[in-house]
Amino acid sequence: MQQIDRRDFLQVGTALSLAFAAGVLKPSEVFGAEWDNKLFDAKTVSEAVWAMGGEVAVNSNDVLLSGPEMVGSGFVVPLSMESKIPNTDFMLVVVHKNPSPVTVAFRIPPGTDAMINTRIKMGETSTIYGIARADGKYYVGNTMIKVRAGGGGCG
């Protein structure tokens, strides 16, 4: 594996930052269509699927979300998501009652297990939806996590 030194990394990062700021490059051109701001502006599962280029998400028992049933504080909530659907290449978490519901997105490299463990912030008790994309189709699973104390304006 070729290592990149700090100087090269900073030069590339600076060049990309300047290109984004000047409007010469859009993040979606560098990071892919999923990075489009429309995705993170979505307020519902349907809007998120549409922003990713899909039309509908099918409920699936093969998209599994797990976390604690109840948390004392919404500041740091552990969450796991797994897709047992073959060829899953993208996963997204939507927290229904958050001010910015699309919380986190992951690209899944080919040949790897579609499983993530993360921490999210929740403002209040909410249904959490996990959207998985596989072979251009969208699948959704959900779970409920109860929050005793909110996540401090988690927007």
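Among the residues of region 82-115, the ones that are open to solvent by 70 Å² or more (accessible area, probe 1.4 Å) and within 15 Å of Val45 (Cβ to Cβ) come to 2 in all.
Scanning region 67-81 for residues that are in a strand (DSSP E or B) and either open to solvent by less than 60 Å² (accessible area, probe 1.4 Å) or out of contact with any strand residue (DSSP E or B) (no Cβ under 6 Å at 6 or more places or on another chain) (or both) gives Val71, Gly72, Ser73, Val77, Pro78, Leu79, Ser80, Met81. One residue stands out in region 116-152 among those that are open to solvent by 70 Å² or more (accessible area, probe 1.4 Å) and in a loop (DSSP other than H, G, I, E, B): the one that is modelled with the highest pLDDT, namely Asp135.
The values are calculated or read from the model by the stated rules, or taken from the named source; none is laboratory data. Quick caveat, the model's predicted, so the values are computed rather than measured. Please note: Cβ atoms are built from the backbone with ideal geometry, for glycine as well, and neighbour counts cover all protein chains shown. Remember, those area values only see protein heavy atoms, side chains included, never the ligands or the DNA or RNA. Shrake-Rupley method; radii C 1.70, N 1.55, O 1.52, S 1.80 Å.
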